[in-house]
1. Conditions first: (1) surrounded by 13 or more Cβ atoms within 10 Å (Cβ to Cβ); (2) farther than 24 Å from Glu204 by Cβ; (3) within 20 Å of the chain's Cα centre (by Cα); (4) modelled with pLDDT under 90. Leu184 passes all but one, so which condition is the exception?
2. I'd like to know if segment 74-91 contains one or more residues that are surrounded by 12 or more Cβ atoms within 10 Å (Cβ to Cβ), more than 30 Å from Pro149 (Cα to Cα) and basic (Lys, Arg).
3. Within segment 159-168, is even one residue among the charged types (D, E, K, R), out of contact with any Lys or Arg (no Cβ under 7 Å at 6 or more places or on another chain), farther than 20 Å from Lys88 by Cβ and part of a strand (DSSP E or B)?
4. Which fully enclosed strands (runs of 3 or more DSSP E) of segment 1-115 have 1 or more residues being out of contact with any His (no Cβ under 9 Å at 6 or more places or on another chain) and among the hydrophobic types (A, V, I, L, M, F, W, C)?
5. Would you check if Lys153 is in the same structural domain as Arg224 (by TED's automatic domain parsing), out of contact with any Cys (no Cβ under 9 Å at 6 or more places or on another chain) and over 22 Å from Gly221 (Cα atoms)?
6. Could you grab me the full set of residues in segment 193-225 that are of a type in the set (Asp, Glu) and in a strand (DSSP E or B)?
7. Report yes if some residue within segment 17-40 is among the aromatic types (Phe, Trp, Tyr), surrounded by 18 or more Cβ atoms within 10 Å (Cβ to Cβ) and outside the structural domain of Glu133 (by TED's automatic domain parsing); otherwise report no.
Amino acid sequence: MTHWLYMPHLETAGKEAILEGAEAAHAVRARRLRIYDSVYVFDGAGRIAVARINDVTQRPLQVHLVIDQHKHRPSSAARIHLFSALPKGDRQATMLDMATQLGMTDYTPLRCERSVSQPRPSAYDRWHRLLIESCKQSHRPWIPVLHPPVDLKDWVSQCADRNAVNVIADKRGATAGQAIENRLLNAEYVCLVVGPEGGFSDTERAHLGRAQSEMLSLGDGMLRVETAAVALTAFAGRLLVSNGPDP
C-alpha cells in the first residue's frame with residue numbers, strides 16, 4: 001500500500017520538497033517510511049503527486065521528497081454538507097473522521113436548544129488535523145471545509161437562498177423511499193441535519209416546518225448524534241457521485 005502524506009503548498013513545490021513537523025514525524029515514526037519509499041502527497045484541494053523519499057534528516061526531522069506526476073482531481077460533483085449538534089467529548093472526533101471517509105465535503109456545528117456541547121474556537125485546529133488524517137486514510141484529495149457554528153433557526157432562514165436538497169434526521173420522519181432517493185440522485189448540493197440526542201424542541205420543529213426538507217427516520221432506536229450523522233452521510237453518499245477511483 002502506498003501511503004498518503006499532506007503537503008499544503010504542493011502546487012508550488014516543484015520537483016523537490018521537504019516535509020517537516022507533524023507530517024514528517026507521521027511519515028518516519030508512525031508509518032516507518034524510509035529512503036526510496038514511494039508515497040502520494042496531496043494538498044487537500046484536489047492536487048495529488050507521486051513522490052519518492054530521497055533523504056531523511058534529524059534535528060530537525062525532515063523528509064526530503066522528489067516529486068513527479070502531478071495531477072488535479074476535480075471536486076465531487078455533489079457537495080455533502082453536514083450540519084450537526086456536537087456530541088459529547090471525543091465522539092465528535094469519531095463523527096468527523098467517519099463522515100469524511102464517507103464523502104462529507106463541508107461541516108457546520110449546529111446550535112440547538114437542547115445542545116449539551118458548544119464548539120470552542122480552539123477546536124477547529126484539532127478538527128482540521130483530524131480531517132487531514134481521515135483524508136490520508138481514505139485517499140480523499142479534498143479536505144472538508146469547516147464552517148462557523150450556526151443556530152438552527154438561522155439555518156432554516158437561509159434555506160431559501162440555497163439550491164439544496166435538505167435531509168433532516170428525525171425519528172418521526174419517513175423511512176427511506178424512492179422519492180427521497182430520486183431527489184438525492186439528482187442533487188448538486190445536499191444539506192444533512194442532525195439535532196441533539198434530546199431531539200428538536202417544539203419551537204425548533206415549528207421552524208423546521210418552514211424549511212423545504214425531507215424528514216428521514218434512521219430507525220426505531222434513539223441514536224447518538226455521531227451515529228445518526230454517520231448513518232445519514234452514508235445514506236446520502238452512496239447515492240451521489242464520488243470523486244472517482246483512487247490514483
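The values are calculated or read from the model by the stated rules, or taken from the named source; none is laboratory data. Computed from a predicted structure; not experimentally measured. Because the Cβ atoms are built from the backbone with ideal geometry, glycine has one as well, and the counts that use them run over all protein chains shown.
1. Condition (2) is where Leu184 drops out.
2. Going through segment 74-91, the residues surrounded by 12 or more Cβ atoms within 10 Å (Cβ to Cβ) turn out to be 75-88, 91.
Subset that is more than 30 Å from Pro149 (Cα to Cα): none.
No, every residue in segment 74-91 fails to be surrounded by 12 or more Cβ atoms within 10 Å (Cβ to Cβ), more than 30 Å from Pro149 (Cα to Cα) and basic (Lys, Arg).
3. First, pick out the residues of segment 159-168 that are among the charged types (D, E, K, R): 161-162.
Filter again for out of contact with any Lys or Arg (no Cβ under 7 Å at 6 or more places or on another chain), leaving 161-162.
Among the residues that remain, those that are also farther than 20 Å from Lys88 by Cβ are: 161-162.
Checking which are part of a strand (DSSP E or B) leaves us with none.
So far as segment 159-168 goes, no, none of its residues is among the charged types (D, E, K, R), out of contact with any Lys or Arg (no Cβ under 7 Å at 6 or more places or on another chain), farther than 20 Å from Lys88 by Cβ and part of a strand (DSSP E or B).
4. Values: elements: 3-6, 16-20, 38-42, 47-57, 62-72, 79-84, 106-111.
Filter on segment 1-115 gives 38-42, 47-57, 62-72, 79-84, 106-111.
5. Details: in the same structural domain as Arg224 (by TED's automatic domain parsing): yes; out of contact with any Cys (no Cβ under 9 Å at 6 or more places or on another chain): yes; over 22 Å from Gly221 (Cα atoms): yes.
Yes, satisfied.
6. Across segment 193-225, the qualifying residue is only Glu214.
7. Of segment 17-40, the ones among the aromatic types (Phe, Trp, Tyr) are 36, 40.
Right, trim to surrounded by 18 or more Cβ atoms within 10 Å (Cβ to Cβ) and you get 40.
Narrowing further to those that are outside the structural domain of Glu133 (by TED's automatic domain parsing): 40.
For segment 17-40, residues among the aromatic types (Phe, Trp, Tyr), surrounded by 18 or more Cβ atoms within 10 Å (Cβ to Cβ) and outside the structural domain of Glu133 (by TED's automatic domain parsing): present.
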